[in-house]
Each structure stands twice: as C-alpha cells, then as structure tokens.
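Okay, so here's the structure we're looking at.
The values are calculated or read from the model by the stated rules, or taken from the named source; none is laboratory data. Just so it is clear, the model here is predicted, and its values are computed rather than measured. FYI the Cβ positions are ideal-geometry reconstructions off the backbone, even for glycines, and counts take in every protein chain you see. For the accessible areas, the whole protein counts, side chains as well, though only heavy atoms, and no ligand, DNA or RNA atoms are used. Shrake-Rupley method; radii C 1.70, N 1.55, O 1.52, S 1.80 Å.
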Amino acid sequence: ILRESSWPTRIERSALVGKKNTMSRSSQRHPRVYVSRVQAPPHISRNADSIRERLRNGAKTVVVDTAGQLIELDDKTFASAGDEWTLRFTAGSQARIHLDSPLPATAHIVATDATTVEVTGQVHVWAYTHATVTAFDRCRVVAHNHAFIRACDHSTVWADDNVVVHAYDEATVQARDHAILALSDEARAVVDTAVEVRGPARKNVTIWGTT
C-alpha cells in the first residue's frame, strides 16, 4: 500500500531551497590561493651608527648609501660584529675606513657603483663597477670591472677586467685582462701581456710566467 505523501508547505519549501543554494555555493567555491609574501626592499644604512647597530644585531649584508656624505669607520664599528658578513657601499657613498687589526677572512667590505673609499691600516676591500679606492699602509684591494685604484705605501692590489691602477711608494700590483697601470717611485707589478704599463717606474715590471 503506497502512502500518499503530503506536499511540502511554503515554509518547508523555503527551507529546502535555502539548503540547496547553500550546498551549491559551497560546491562552487574558488580554490584557495596562497599569496607569497613580497620581499621587503633592503634596509639602507646612512651612517656609522646604523652600520654598527645592524652588524651588532647579526645582519649578514649591510647596504650603505651615504647620499654623498663622508662617513668614517674604524675598529670600534666592527667590534660587535660576527665573523661572516658583507658591507656594501653603493651609489655615491663616501667612506674613510681605518683598521688596526684585519677583519676575519669571511667579513667583506665591498665598494660598488660610483663610491669613493679611502682605507688605511689593514683593510681588505673589494672594488667593482667604477668605484674609486685609495689604499695606504698595508691595505689590500681586489679590483674588477673598471674600478680606479690608488695604491700607496706598502699596499697591495690585484686587478683585472679594465681596472686602472696608479701605484706609488712601495706598493705592489698583480694585474691581467687589459688592466692599465701607472707606476711611480718604487712601485712594482707582475702582469700578463694584455696589461698596459705606464709611468716612470714602468721598468719595475715582471711578466707572468717569466720568473
């Protein structure tokens, strides 16, 4: 015997329709999209206090733009820094750095762009892309890509890739790959055959592989 079922009332029909629409919306939801966080631009240090604070707090890379102002750094600036970090001067930065003791080999001071850096004592600096570095005492400079270097006293320079080096006093230079040297006083150089050597001390040159 089939029992006749009653027709749903208006209230029941409304409830059913609402439930149906809810299920339909749920089944047609868009998939969830996870948006990666946009990396914030690097913090720029403008002065010695900012550099000291960031290194003390463990920063591995400190980008410096002094906006054309000269800043001075010394042993105290790096006293609380770790052993592995990079300090990179950019834009038109100007800096004077003096170190009585050399930094760890994993700590790097880098001059790029149109920066001007003067180093004294025992500073090791890397120079790139039209940076100008003047080195005194027993500082060391590794220079690439059109940098301009003045080497004085007993400083040492490694140069390649169209770097220009003016060496004075008893500075020593090793150069290759179309570097241009101007030697004065007792400055000496070891070069390959692609290097151009000028200056009154150009006789103080040894060609690589002939020693």
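One residue is enough: does the range 64-74 have a residue meeting the conditions of a type in the set (Ser, Thr, Tyr), in a strand (DSSP E or B) and open to solvent by less than 40 Å² (accessible area, probe 1.4 Å)?
No; the residues of the range 64-74 include none that is of a type in the set (Ser, Thr, Tyr), in a strand (DSSP E or B) and open to solvent by less than 40 Å² (accessible area, probe 1.4 Å).
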task: Please indicate, with yes or no, whether at least one residue in the range 202-210 is open to solvent by less than 20 Å² (accessible area, probe 1.4 Å) and aliphatic (A, V, I, L, M).
output: no
- prompt: If we scan the range 185-194, do we find a residue that is open to solvent by 50 Å² or more (accessible area, probe 1.4 Å), under 25 Å from ALA95 (Cβ atoms) and hydroxyl-bearing (Ser, Thr, Tyr)?
  reply: no
message: If a residue counts only when it is modelled with pLDDT of 95 or more and open to solvent by 50 Å² or more (accessible area, probe 1.4 Å), which strands (runs of 3 or more DSSP E) contained entirely in the range 75-180 have at least 3 such residues?
response: 94-99
